[in-house]
Amino acid sequence: MSAVHELAPGARNAAGGLAHQRIATAVMIAFFALAPLVAYPVFLMKVMCFALFALRLHLLIGYGGPCPSGTPMFLAPPVCLGGNAAKVWVFRPSSLSSSATGVSALLGLVTGLLAIPAGHLLAMITLALGRWLYFF
């Protein structure tokens, strides 16, 4: 019997998957290192921000269950607070990230307390809260 057949069934796939992850990481690093030479840097920054938002939404929907519709409300206020705090109060980046995390946690707590008891109306309530925060 060869050495390949003596491995556990998932061992070969795990090693191959790790190699694919390393290759994909190297390709992404090379792409983002060389992309500003041929594309507009602000466009690339927007693409990366939307990709990060899409990954966060995938994590929320994939592991969290029901789809809340007001998820942008957890992205905009911490960014606005961070920009204002950096400009006006001259905060350090570590203080900015912790204050932005605190604002998102506070918004999540308030939204959760209002939306979770609603059950099947979760998507509509989070959408309404997100729109309310946008107009506020």
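The values are calculated or read from the model by the stated rules, or taken from the named source; none is laboratory data. Just so we're clear, the structure is a prediction, and the values are computed from it rather than from any experiment. Here the Cβ positions follow ideal geometry from the backbone for every residue, glycine too, while neighbour counts run over all protein chains shown.
Among the residues here, residue 51 does not qualify as touching a residue at least 24 places away in the same chain (Cβ under 8 Å) and either in contact with a strand residue (DSSP E or B) (Cβ under 7 Å, 6 or more places away or on another chain) or surrounded by fewer than 15 Cβ atoms within 10 Å (Cβ to Cβ) (or both). Within the range 99-117, none of the residues are surrounded by 12 or more Cβ atoms within 10 Å (Cβ to Cβ), assigned by TED's automatic domain parsing to the domain that holds residue 73 and in contact (Cβ under 8 Å) with a residue 60 or more places away in the chain. Looking only at the range 86-115, which residues are assigned to a helix (DSSP H, G or I) and over 24 Å from residue 129 (Cα atoms)? Once the filter is applied, which keeps residues that are assigned to a helix (DSSP H, G or I) and over 24 Å from residue 129 (Cα atoms), the range 86-115 yields 86, 87, 88, 89, 93, 94, 95, 96.
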